[in-house]
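The values are calculated or read from the model by the stated rules, or taken from the named source; none is laboratory data. Treat the numbers as computed from the prediction; the structure is a model and nothing was measured. Cβ placement follows ideal geometry from the backbone for every residue including glycine, while neighbour counts extend to all protein chains displayed. All accessible areas refer to the heavy atoms of the entire protein, side chains included, with ligands and DNA or RNA removed. Shrake-Rupley method; radii C 1.70, N 1.55, O 1.52, S 1.80 Å.
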Amino acid sequence: MKKFVSWVNVFGTLSLFGFLWVLGEIGIQFDFLNVFEQVISDYNLTDIYYTKVRDNSTVKYDENIVLVNIGGADRGRRSIAAQIAILNKYEPKVIGIDAKFFTLKDEDPIGDFMLAQSIKDAKNFVMGSEFRVLSDTSSTWDTLIVPPVQFAQYAHTAHVNTGNIEFDDFVTWRDIPVKEKTRAGVEEVCFAAKIAELYDKEVAEEFMARGNDIENIYFKGNLDKYQKLDVEDVLDENFTSETIKGKIILMGYLGDGYTDYHFDEDKFYTPLNEKMVGRGVPDMFGVVVHANIVSMILDRTYINEMPIWMGVLIAIIVCHLNVVFFTKILFNKRIAPYYGLTKIVQLVEVLFIVSITILLFGMYNYKLDLTLTFLVIILVGDVTEIYVDIFVHNIQRLKLSNKLKIKLFKPKLNRI
């Protein structure tokens, strides 16, 4: 135990975290590494579970949610109004529409009237609102954009923001802000939470009681896990009453066909994307992401995440254990070559962390954030070697030199 907490090992641990702090303070940038930095920063170990480990064929089909394609802009709001009117006849529990913000159209007042009337006739109708910033320097939301009163007076509103102010189209959509508010205090819950509340208030309250500002999304699947109706299916009433009655209807743009593979302004990257590193084609429409969030709330398949302090504590413990082991190798010349042995140890540690991260996520929906631990493992071997060579050995030489000087120049006492 004395050797475990010796000054050599303690200061070795501190030297590594000091090195990380210095790098952070200096903020070194290498342009040729920017692309790789963006790729790695958007990579998450739990993505492996969705695409490589989980048997997606065994994931339960969600019978409570029906996805309805509203079609492209060429369809117009008269088509959407007709769809809503038809769906209303079959008594759905909730209808939510995730579409571009509705503004009044001077050239089509009849279409506006039809849409307002169909929304008014709906029992529980939810429209999307959107938090926005008004300048590049804003660090909080400046305003909340809601649908015109002609529509909103008959509907509930909830925000459809995908994330924070700096969310990028090429970033993987993994979480959702449960509530957002403007700097003036105007607040809205997220679209999926409002849908769930109108469908099952008790379950939605349980979700909100978790008290998380941000919730990780548990992805059930893509279009293959939900009942789907295309524009013509609804307009021609090509479905049974059981498909709609008492269900959650989520309306939104689903492309020109359910097997579309193309870039689209309402299509996103998710952990279900087969290309985990780098960027291929976005894999999921926005309304399908909302469907996954609603499914998560209703099924109570929440993802719990390790607190930040625990991640730091694990990194410190792992770092110290490595320093203890590596310094012992450096001081013991009879042990195998330092470089080769340390790399083997680091590889084993990385594989263990990957395995335990995927295992806990798959079995318990528990998400480990061991980014700092990964960084420590990568750097600890080299930093420890530098620390021992430059500081420890020099201090030992200095102490030895002082002992020799004391011995050589120590005055001899005359015997009495």
Two-site label geometry, residue 61 and residue 183: point separation in nm, points 7 Å out along Cα→Cβ: 5.1
Among the listed pairs 89/245; 89/194; 89/228; 120/194, which have their C-alpha atoms separated by more than 20 angstrom in this model? 89/194
Could you give the length gained by full extension between residue 243 and residue 14, i.e. 0.36 nm per residue of separation minus their alpha carbon distance, to one decimal place? 76.2 nm
Ordered by packing density, taken as the mean number of other Cβ atoms within 10 Å over each peptide's residues, highest first, how do 90-96, 118-124 rank? 90-96, 118-124
Please state the relative contact order of the range 266-327 as a whole percent: Cα pairs under 8 Å, 6+ residues apart? 23
Using only the Cα atoms of the range 161-233, build the gyration tensor, take square roots of its eigenvalues as a ≥ b ≥ c, and label the shape rounded, prolate or oblate: rounded if a/c is under 1.5, else prolate if a/b is larger than b/c, else oblate. oblate
Gained length - residue 378 relative to residue 344, 0.36 nm times residue gap less alpha-carbon distance: 11.1 nm
Listed residue pairs exceeding 30 Å between alpha carbons, taken from 52/267; 93/267; 220/343: 220/343
Would you mind listing how long the range 60-202 runs along its three principal axes, going by Cα atoms, in whole Å with the largest first? 45, 45, 29
Heavy-atom accessible area per residue of the range 350-394, all protein chains kept, 1.4 Å probe, expressed in Å², is 49
